Amino acid sequence: MYEFLAGLFKWILMSLVYYFLFNTIQIIRLTGWYGEKLGAYLVSNDDPAIRYELKENTIIGRGEDCDIVLNNPFISSRHASIIKSWRGYYIEDLKSSNGTIINGKKIKGKARLRDGDVIMIGPVKLTYRS
């Protein structure tokens, strides 16, 4: 009985150590603690020379107070928000009239962004790059 409990405890302890190490490596990789600066940005599909750098919390919309201002009548004044977390960037629709579309699908709530995702805000198409 003692050997069984000792083996079970060892297995549980090793699993916790591996889980901790995996998450620590993920945090280091995603936040760039090892010297690499991770800079995510959006590229306009109409003009690839237009590039919008993303911050911790980036607001996209028609309003002058937005971080990324897209002057189009089909875009709400505060249309969407892109939020940085330790796992990557997430986009959230801010209850806009026309919604926010990622790769052809309208999002509800938050959606994680992946490199190459096409974001449609009104008629404007932006590609996410990380």
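Overview of results
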| quantity | calculated |
| --- | --- |
| Low-density loop positions, chymotrypsin sites (Phe, Trp or Tyr not before Pro), the stretch 20-128 - DSSP coil, at most 15 other Cβ in 10 Å | 33, 34, 74, 86 |
| Cα-centred dipole magnitude for the stretch 28-130, charges only on beta-carbon of K, R (+1) and D, E (-1), debye, nearest 20 | 480 debye |
| Sites matching trypsin sites (Lys or Arg not before Pro) across the stretch 59-130 that sit in DSSP coil, with at most 16 neighbouring C-beta atoms within 10 Å | 78, 87, 95, 108, 114 |
| Under 23 Å from the Cα of residue 125 - lysines, other chains or at least 8 residues apart | 55, 84, 95, 105, 106, 108, 110 |
| Dipole axis of the stretch 38-113 (+1 Lys, Arg; -1 Asp, Glu on Cβ), positive-most option in 66, 40, 100 | 100 |
| Pair residue 47, residue 2: separation of 7 Å Cα→Cβ label points (nm) | 7.8 nm |
| Extension reserve of the residue 101-residue 77 stretch, reckoned as 0.36 nm per residue once the Cα distance is removed | 7.0 nm |
| Anisotropy class of the stretch 84-130 from Cα gyration tensor, a/c 1.5 cut | oblate |
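Just so you know, all these numbers are worked out from the coordinates, no wet-lab data involved. The shown structure was predicted, so the numbers you read here are calculated from the model rather than taken from an experiment. Here the Cβ is made from the backbone with ideal geometry for all residues, glycine too, and neighbour counts use every protein chain on show.
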